Every structure is written in structure tokens, then in C-alpha cells.
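What follows is one structure encoded as C-alpha cells, with my remarks underneath.
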Amino acid sequence: MKRYDAVIVGAGAGGGIAAMVLAERGARVLLIERGRWLDFNTTGRDHLRNHRLSLYGHNTGPELEGNPRVYVSPTGKETKVRPHEGGWNNVASGVGSGTVVYGGQAWRFHPLDFRMASTYGVPEGSSLADWPISHDELAPHYEAVEWAVGVSGGAAHPGYPDRRDYPMPAFPFTKKGRTLRAGAEKLGWETRPVPLLINSIPNQGRDACAACQHCVGFACPVDAKNGTHNTAIPRAMATGNCDVMTHAVVTKVEKSGSRVTGVRVVVDGEETLIEADTVVLAASAIETARLMLLSDLGNEHDQVGRNLQGHYYAVAWGLMPDPVQDGVGPGASISTTRFSHGNEGIVGGGMLADDFVVLPVVFAKWFQNPAVPKWGKGHKDWMRYAYRRFLTAMGPVHEIPHPDCRVTLDPSVKDKYGLPVARLSGTTHPETVRATEFMVARAKEWLIASGCEEVFSSPQELHLSAGQHQAGTCRMGDDPRTSVVDRNGKVHGMENLYVADGSVHVTNGGFNPVLTIMANAHRTAGMVGL
Ligand SMILES: Cc1cc2nc3c(=O)[nH]c(=O)nc-3n(C[C@H](O)[C@H](O)[C@H](O)COP(=O)(O)OP(=O)(O)OC[C@H]3O[C@@H](n4cnc5c(N)ncnc54)[C@H](O)[C@@H]3O)c2cc1C
Ligand code: SF4
């Protein structure tokens, strides 16, 4: 078809949910995705080419050739990077995008995560701001996606008496989870299971998790991981109202005055114009901003692409005297939200949890002990000893955004369609570094109380942060001078253009972001005028 009620660009977390809501509301929807349908058979288990460790490539996309970005380091060095290289800041590509290969931690943001500026003031030089909507306004949408997509977590958090329990029981604590629980008890810290978008029991006609070791970074061999590819998008298609177009790259959104009229999409090298009454952008924070800039949309106040953020990770790890790694997937089982807020002298905070099962090669690369050789017999002896004895505590830290951390169009580098690529520059605000240092110290404290004999961490420094948790580039707000979309996700000044992905996050919470992206998309798609 050449005309739809709504065209959605990007079939990931936000786009998939928006498609479900709009199709179920009766709209004729086209969901356009540059990648392909993804599953375990086509994405495999290559330990060096996946979304946890992409040394030589990755397992979803985009293609390594023809899709560069330009990364500008904090010292101003410009590098043309390919999609699997760190500076590119890839989420994933394909139907479901990150939700196919994610670990599926299903956190709601804390109510104060929506009120950062009111709670802490605005650190000088930062663009810290409150969200225009509150946790309570988003709460029904959180609950809707928890049930539509499927979260294991058991009882609702006791701090929210009106909250419905999760649809599935929590995963039991792993051996390392039990070890960390004992440590937390010594410290007097409360802990909870990590809520996961993974079936702890058979759900929606699909199996329960088979506890393999390849959860984060890979597709699931038994289809027990819940993303938009196996929940929201099939639901949208089941209405008969939603077409999904893959291997299709949207290159421009067309407009006439204050209305968008459709999108230009390239399939097999041929460009087509598809007309739409409404366009919803959900191409993830970097590509949505790039598409807005390429289409000259919403940027009257030079806000598109600013406030790029993701998550600094507070990571500590240590060695236990006896093995604690039981290899039981998915692996992330215990968490504490004790340090989300209320940390003296710190702006915000974060959540700490144990990690998913860590592949041996990832352990060797990331969890290095400076005293141990990186190859040869000494390294092998270390791996044999340490791999089953290591324990981690880690988690995302609430970033303090900086207006100059941004996506712009590169003046010289072009993609395979001849279009300027995204140029990523700037850094987060120094308060993010301080908060991360604080959280790393708490992670170490937890490990020591749990029995670790030696603990390690890396120094924190200012850098650009976007990555798999990228957000913020089309900020939501009431004032068009400081934001790009309004509280309902509609682009200021436009009548029928919406954004429904991580771009709209004012701040990115002290938690993994996907449930908030989905909840916002659910809310926004319900607001679209049909
Ligand atoms: C390995 C991994 C682990 C993760 N673990 C967690 C976790 O445990 N918990 C959590 O909360 N989050 C996690 N995430 C992050 C989560 O997946 C992302 O936050 C989320 O998918 C982002 O949603 P989005 O809608 O903003 O964009 P995406 O889900 O990335 O969707 C964007 C889609 O748009 C497509 N696209 C882009 N440009 C175009 C174009 N021009 N034309 C057509 N299509 C286009 C892309 O190919 C992509 O499929 C993880 C991500 C990864 C990769
Ligand atoms: S740990 Fe469970 S949900 Fe994750 S990939 Fe393995 S079987 Fe699937």
C-alpha cells in the first residue's frame, strides 16, 4: 500500500509497542524496519560477534559496510567508526531490535527520577530537568507493558501498595545471588529479585527459560525472552491492520507546513514515497535525531540531538575463596535500589545488581586483574581459578545530561545512500562521574561484605555515553525552546509527527531504560489523533 493512517519508523522497543496500540485502536499501520526478522537460528552464538562483545561484528546489524558514524572523543579526535565499534554506539537492528538480544531487566524508573531538577537543583553547565509527566502518569502504561510483553518478578515492590504484581514469579536466586543476599543482610541492605522480561514459567504459548548461559547479547534458543518481536508486533499483525516492511530504510520524513505527509523509504536500492496521516519516529535516540535533522523537522530552537545520554555503569568485581558461578542463566537475580536517591552530596544514584552469566571471553576481556598476564599459561591458570570464583555487583547510574553531548549531521562523511551520517560529540556532566564513583564504592562494599577477598574496579572519567541505553535527543517538555516533543510525544509545532523511543527521555533514570521506553510509547500511541 502507498498510504497508511500511521507509519512507524523502527520496529524496536518503542516502535513495536506503538504498532500494537495503534493497530488495536483500528489504525492502518505500516511498521518500517531497516533490519530483518531475528531469531536464534539466524543470530547464533558467536562469542566474538554478538551484542555483548562485538569484536569482529555483531549478530543483528546494521551491516558493517555503508553505515558509518563519526565519533568525536573528549579530546576532539574524530574517528569514522563502523557499527560494531564502540564509538558507533549501537543498540541493535531488526524486528524487535535490542529486545531480541537484551538481558531484559524490566525496571520502572523511581518517582524521583522524573523530578531530578526539583529534587537536586540544576548542576552548573548541565541540562538537568524534570520530566513534564510523573511516575504516576506513566504507572498504568508500565503495568500495561509488563503484562503485554511479560515480566517475571513476583510480588510488586512493597513501596507501591496500589501496584499489581508481576505476571510471572521471580526467578530464584542463583548461587552468586544467594552469596550477595548474605552480604546485603550483613550490611542491613534490602534486596529484591531483578524483574526480567523473560518467562520464568510458560507464558503466552511460549516456553519457560531453559537457563542457558547466553542470554544477554543473544537471541533465545527456546523463545522464552520477551521482546516486541514475539509479543507486541505479532499482536499488531494479528489485528490485520499492521504491515511490517523489513530491509527498508527511511531516509526522510516529508512535510507540508505544520503537517508531515509521509516518508521516503529505500528498499533494494529503490526509493518509494509512502504517505501517512501520522508519522511516529522510533528509530532509537541517535537515528531518530538524525532523521529529524535530515528532514529539517522540529529544530527551530536547536534542540534536536542535544542531551544525548545513556548510562555510566558502576561496576565492581571480586574474588571469592570458593566457586560461586553456577552458570545458571539468565543470571541476573538480585538487586538493591537502596542507593537510587538520598545519597548525601550526590545528584541521584543508581541501582546495583548481579550480572547475567558472563561468557569466559568476556570475563577475560572485561574483568582484568592487573597482576595477571593477558595471555599464555599464566592467563590460563588465572581463568581456571578465577572464572568460577568471581562475583560482580554493577548497575546503571542516573546520568546528569549535558546540552553539548549531542548528535549532529557530519559535514563530510556520508552513508551508502549519500546522506550525512550521525556525528556524536561531547561528554556527560562531571556530576555523573561523581555519582558513578559513589556507586562503585557501594558495589565494592557489597562484595566485601559478601566475602570477596580482593575487589577491583576501573577509574571513572568524563566521556560520551549513549550505547545500548541511548536516550535524550528529542527531549520531552512543555517549553519548545528547551525541548523537542510535548508531554504526549508530539513534536512541537507539528500536528501529526510523534516520537516514541528513548529519544524523549528527559533524563534516563537510575535503571535500565527499556520498560520506560515501552511505557512511554504505549502512552504516546494512545494519544495519537486518528
Ligand atoms: C545486548 C543488549 C542488552 C540490553 N539489556 C537491557 C536490559 O536488560 N534492560 C533494559 O532496560 N534495556 C536493555 N537494553 C537496551 C534496550 O534494548 C534499548 O533501550 C531499547 O531497545 C531501545 O528502544 P528504542 O525504541 O529507543 O530503539 P530500538 O529498540 O533500538 O529500535 C530502533 C529500531 O529502528 C531501526 N531503525 C533505525 N533507523 C532506521 C531507519 N532510518 N529506517 C528504518 N528503521 C530504522 C533500527 O534498526 C532498530 O531496529 C539492552 C540492549 C542490548 C543491545
Ligand atoms: S537464559 Fe533463558 S531466556 Fe535467556 S537465552 Fe537462555 S534460555 Fe533464553
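The values are calculated or read from the model by the stated rules, or taken from the named source; none is laboratory data. Fair warning: this is a prediction, and the values are worked out from it, not measured in the lab. So basically every Cβ, Gly included, is an ideal-geometry build from the backbone, and we count neighbours across all protein chains shown. What goes into the accessible areas is simple: the full protein's heavy atoms, side chains included, and nothing from ligands, DNA or RNA. Shrake-Rupley method; radii C 1.70, N 1.55, O 1.52, S 1.80 Å.
With no solvent and one point per C-alpha, what does the Debye sum give as log10 I(q)/I(0) for the range 34-104 at q = 0.11 Å⁻¹?
-0.28
Determine ³J(HN,Hα), in whole Hz, for all residues of the range 172-182 in sequence, where each value follows from phi through the Karplus function 6.51 cos²θ - 1.76 cosθ + 1.60 and θ = phi - 60°; x replaces Gly and Pro.
Per-residue couplings from phi come out as x, 5, 6, 4, 5, x, 5, 5, 5, 5, 5 Hz.
For the range 3-527, with all protein chains present and a 1.4 Å probe, just round the carbon and sulfur fraction of the accessible area to a whole percent.
On the way: 9660 of 19010 Å².
That fraction is 51 percent.
With everything on Cα atoms, drop me the angle between helix 13-24 and the longest principal axis of the chain, reported from 0 to 90° to the nearest 10.
Taking the Cα atoms of the chain, the angle to 13-24 is about 50 degrees.
Roughly how far apart, in whole Å, are the Cα centres of the range 53-88 and the range 319-333?
32 Å
Give me the dipole magnitude in Debye, nearest 20, for the range 416-474 about the Cα centre, with unit charges on the beta carbon: positive for Lys and Arg, negative for Asp and Glu.
That gives a dipole near 420 debye.
Which links in 176/377; 252/416; 186/444; 252/414 stretch past 24 Å when you go from one Cα to the other? Numbers along the way, then the final one.
Working: 176/377 27 Å; 252/416 15 Å; 186/444 14 Å; 252/414 15 Å.
As for pairs spanning more than 24 Å Cα to Cα, those are 176/377.
Give me the accessible area per residue for the range 3-527, probe 1.4 Å, as a whole number in Å².
Accessible area per residue: 36 Å².
Using only protein heavy atoms and a 1.4 Å probe, report how much of residue 141 is accessible, in Å² to the nearest 10.
It works out to around 40 Å².
Helix 285-294 sits at what angle to the longest principal axis of the chain, using alpha carbons and giving 0 to 90 degrees rounded to 10?
Relative to the chain, helix 285-294 is tipped by roughly 20 degrees.
Only bridges whose two residues both fall in the chain count here: according to DSSP, what percent of them are antiparallel, nearest 5?
Taking every DSSP beta bridge within the chain, about 65 percent pair in antiparallel fashion.
Any chance you could give the angle, 0 to 90 degrees and rounded to 10, that helix 376-386 forms with the longest Cα principal axis of the chain?
For 376-386 against the chain, the angle is about 80 degrees.
Which one, 170, 325, 351, is farthest towards the positive end of the dipole of the range 3-527 when Lys and Arg carry +1 and Asp and Glu -1 on their Cβ?
Of the options given, the answer is 325.
With a Förster radius of 22 Å, plug the Cβ-Cβ distance of residue 78 and residue 441 into 1/(1 + (r/R0)^6) and report the FRET value to the nearest 0.05.
Calculated value: 0.05.
Once amide H atoms are placed 1.01 Å from N in the peptide plane, what residues at a sequence separation of 5 or more from residue 413, or on another chain, have their amide H within under 5 Å of its amide H?
When sequence neighbours closer than 5 places are left aside, the close amide H contacts are 421.
Under 18 Å from a label point 7 Å along Cα→Cβ of residue 261: give me every residue in the range 276-318 with its amide N that close.
Hits in the range 276-318 for residue 261 at 18 Å: 276-280, 295-298.
Between residue 335 and residues 5 or more places away or on another chain, which pairs have amide H atoms under 5 Å apart, with H built 1.01 Å from N, and which residues are they?
When sequence neighbours closer than 5 places are left aside, the close amide H contacts are 192, 194.
Could you tell me the relative contact order of the range 3-527? Use alpha-carbon pairs under 8 Å, at least six residues apart, and round to a whole percent. Walk me through the numbers before you get to the answer.
Numbers: 1387 pairs, mean separation 122.7, N = 525.
Reported relative contact order: 23 percent.
Describe numerically, in nm with one decimal, the distance between label points set 7 Å from Cα along Cα→Cβ at residue 482 and at residue 246.
Spacing of the two 7 Å Cα→Cβ label points: 4.4 nm.
Using r as the Cβ-Cβ distance of residue 3 and residue 417, and R0 as 22 Å, what FRET efficiency do you calculate, to the nearest 0.05?
0.40
Hull surface divided by four, with the convex hull built on the Cα atoms of the range 222-277: how many nm²? Intermediate results must be reported in sequence, preceding the final value.
Details: hull surface 22.7 nm².
If you wrap the Cα atoms of the range 222-277 in a convex hull and average its projections, you get 5.7 nm².
Counting only residues 5 or more places away or on other chains, whose amide H sits under 5 Å from the amide H of residue 170 once H atoms are built in the peptide plane?
153, 154, 155
For the range 113-122, in order, what is each residue's ³J(HN,Hα) by Karplus, 6.51 cos²θ - 1.76 cosθ + 1.60 with θ = phi - 60°, in whole Hz (x at glycine and Pro)?
Values per residue, Gly and Pro as x: 4, 8, 10, 5, 5, 5, 7, 10, x, 10 Hz.
Calculate the length of the line joining the C-alpha centroid of the range 192-217 to that of the range 393-444, in whole Å.
Taking the Cα centre of the range 393-444 as reference, the centre of the range 192-217 is 30 Å away.
Can you show me the helix-derived [θ] at 222 nm for the chain, built from DSSP H runs with n ≥ 4 at -39,500 (n - 2.57) apiece and divided by the number of residues, rounded to the nearest 500.
Only helices count here, giving -6500 deg cm²/dmol.
What is the ratio of the Cα radius of gyration of the range 3-527 to 2.2 N^0.38 Å, with N the residue count, to two decimals?
0.92
Starting from the Cα-Cα distance between residue 322 and residue 388, subtract it from 0.36 nm times their residue separation and give me the gain in nm to one decimal.
Extending this stretch completely gives an extra 23.0 nm.
May I ask you to rank 490, 80 by accessible area, largest first, using a 1.4 Å probe over the protein chains only?
Heavy-atom accessible area, descending, gives 80, 490.
If I model a spin label at residue 124 and residue 371 as a point 7 Å from the Cα along the Cα→Cβ vector, what separation in nanometres do I get?
So the two model labels end up 4.3 nm from each other.
Residue by residue through the range 511-528, what is 3J(HN,Hα) from phi via Karplus (6.51 cos²θ - 1.76 cosθ + 1.60, θ = phi - 60°)? Round to whole Hz and write x for glycine and proline.
Ordered by residue, 3J(HN,Hα) equals 8, 4, x, 5, 5, 5, 4, 5, 5, 5, 4, 4, 5, 4, 5, x, 8, 4 Hz.
Which is farthest toward the positive dipole end of the range 3-527 among 342, 251, 193, measuring Cα position about the Cα centre, with Cβ charges +1 (Lys, Arg) and -1 (Asp, Glu)?
Ranked along the dipole, the leading option is 193.
In the full protein assembly as shown, how much of residue 495 is accessible to a 1.4 Å probe, in Å² to the nearest 10?
About 100 Å², ignoring ligands and nucleic acids.
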